[in-house]
Each structure stands twice: as structure tokens, then as C-alpha cells.
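For reference, the structure is listed below as C-alpha cells.
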Amino acid sequence: MPLPGLLVSCYSTPAAAISAQKHKPHDIILASLPKTGTTWLKALLFTIVNRDRFPIDQSPLLTTNPHELVLHLESYVDADLVNPGPGNLPQPEVFSTHLPLHVLPSSMIDSTSKIIYTSRNPLDQFISQREFSLKNRLHPDVEPVPIDQAFDMFCKGVHPFGPFWDHILGYWKASLENPDRVLFLQYEDMKRDAVSHVRKIAKFLGLPFSEEEEKKGLIGEISDLCSFEKLKNLEINKNGHVHHGYFANSSFFRKGEIGDWRNHLSPAMAERMKEVMDAKLSGSG
Ligand code: PAP
């Protein structure tokens, strides 16, 4: 069965999940559904964690796509590597995953790894994912699913790493039960105030900014370096590909806006999503 918007990813397979189960616990895990702010958080986490190694004007982000700096656990299924990572990664190591919480390796859940989760309005996520898939057609001979049908499937939870409500709720509940271990973020909040989120993330990771760093404006510099406009316009992100050459770097930087769904979906579709969210998320806080 085709997935919404031709969403066939190179790592959304049961084998990938099983492969990820074999991995060792890592220090920092960035968890997300696709298209909820993963690239942005990868840039931020890499820069926050490595701020003593790289001055902002010499950041590897200026010449490397964020997906090459923070690796994706499930991507290693092809190479069948049990413990991924270039080996010379600084501590703490940062990895990302799109797996739902209940599929994460138990060693990771039980360990002292910190988990940062990013969520996004599902309507914007759906459009972002669809546009990405149309840009990166892994099977150009297969006709894209019409948007109405894709949306219907999405609302029924048929999409990679879905249903989205289970994905969100799993990490949300974990963040309530273990606020020191799981930080739940929202893309929209970060867009409104990136600077305070940089501070919050660093504190959560146990790497708070010193008074001196605050004074010299490092938080603002990190926020600017990782901003949509800055990253999108870097030469490396205008050209090149990641994930075994499947995905154009530029396609990870489309619009970076809140509410783009309004340009693609009808009010009736939005109403349907509201009903789904009311039904699935009500009472969760
Ligand atoms: P991924 O899960 O495949 O890595 P992810 O990075 O989560 O994708 O999502 C991409 C979205 O984040 C895009 O949204 P859009 O399609 O609505 O435009 C992309 O533009 C947006 N994005 C990427 N980098 C940033 C950033 N630095 N700040 C804000 N939004 C960003």
C-alpha cells in the first residue's frame, strides 16, 4: 500500500527498529516524528554540546548538513552496525531517532540518557512531509497519492512512525513522569522564542550557560547560527545530499513557517484534524 504523499523512507522499516534495538544507550537522544524540527534541533544540540570545541565562526555547521553531524539511529540498518558513530564523537554523544518511545531500546529507556522530543502541529507536519516526499521521490515511477487520500490515511494514523498521537503521547507522558530525563518541546514555541529554548535545552542537558557566556551573547549567537535563514542559505545546504544520497540537503529547509497548512488544506480538513486530536489527546494535558 502506498504511504501518504509517497512517504517511503530508507529507514522506516521493521528491520530498522530491530537494528536500533541492538544499539548501546547514548548520552543524548533527539526523538521526533519526521518534519517536526529534527534538523533544527540537530543543529542546536550539536552546537550547544560542542560549544567549547568550536567557536561559532568555525562551526562545522557552516560546512556540514546537520544530519551528518548528529546521526540517525535507524539509518544504520543497511550497514548493520551495532554501535554507530564515527568513534571520535565528543562526549556526550548525540543521536536522533524517529522511533516511538515504546520501540526505543530498553537499554536507552532504562539508562541515564537524556531524551529531547520535538513536536509540531500535525497539519504543518503533514504538509511538510508531503512536500518533502514530492521533492525526494524515491520511486519516480509511482504516482503520488492524491492529497485527500493521503490526509485521510494520516488522520487514521497510517504514516511512517505513526500514529502520530501515540508517538506524541508516549514522549509527553514520559516527560511528565521523568522531567529530568525527557524534555518535550514544540516547534511553534521554539519559533516564537528560540533564545530561551537554547538556554532551556542547555540547562536540561546539565550544560547550563555560564554568566560569562550569557554576557558575551553566546546564546543569541547559537540561536542565529541555527536559524532557518542562516542554515538554508549556506552553500552546503543549497547543494548536496544526505542519507545515502536519497535526500537533497535543500529539501530540509523549505519554508520553516507556522501555519503553511492553510495554503494546502481546506477548513473542513482542519476541522477533521481537530476532531482527531480532541479524541486522541484530550485529557493528556
Ligand atoms: P526530518 O525529520 O526529515 O529531519 P525536520 O527537520 O524535522 O525533517 O523537518 C523539516 C521542517 O523543519 C521543514 O519545515 P517546512 O517543510 O514546513 O518548511 C523545514 O523548513 C523546517 N526547518 C528546518 N530547519 C529549520 C530551522 N533551523 N528553523 C526552523 N525550521 C526549520
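The values are calculated or read from the model by the stated rules, or taken from the named source; none is laboratory data. As the structure is a computational prediction, the values presented were derived from the model and not from experiment. Neighbour counts are summed over all protein chains in view; Cβ atoms, including those assigned to glycine, are modelled from backbone coordinates with ideal geometry.
The table below lists the values:
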quantity	calculated
Selection count where residues are of a type outside the set (Gly, Ala, Ser) and more than 9 Å from the ligand (Cβ to nearest atom), scope region 221-236	8
Subset of region 241-252 (residues that are surrounded by fewer than 19 Cβ atoms within 10 Å (Cβ to Cβ) and touching a residue at least 40 places away in the same chain (Cβ under 8 Å))	HIS243, HIS244, TYR246, ALA248, SER251
Check on PHE184, buried (at least 19 other Cβ atoms within 10 Å of the Cβ), outside any loop (DSSP other than H, G, I, E, B) and on the phi < 0 side of the Ramachandran plot	no
Subset of region 86-133 that is modelled with pLDDT under 80, part of a helix (DSSP H, G or I) and among the hydrophobic types (A, V, I, L, M, F, W, C) - its residue that is surrounded by the fewest Cβ atoms within 10 Å (Cβ to Cβ)	ILE109
Residues that are of a type in the set (D, E, K, R) and not in a loop (DSSP other than H, G, I, E, B), drawn from region 247-285	ASP260, ARG262, GLU271, ARG272, LYS274, GLU275, ASP278, LYS280
Pairs with Cβ under 8 Å, 6+ apart, first in region 170-190 and more than 16 Å from ASN121 (Cα to Cα), second outside any helix (DSSP H, G or I) and charged (D, E, K, R)	ALA174/ARG181; ARG181/LYS114; VAL182/LYS114; LEU183/LYS114
Failed condition for LEU41, given (1) crowded, with 16+ Cβ neighbours inside 10 Å; (2) at pLDDT below 95; (3) not basic (Lys, Arg)	(2)
Check on ILE258, aliphatic (A, V, I, L, M), within 13 Å of the ligand (Cβ to nearest atom) and more than 20 Å from HIS67 (Cβ to Cβ)	yes
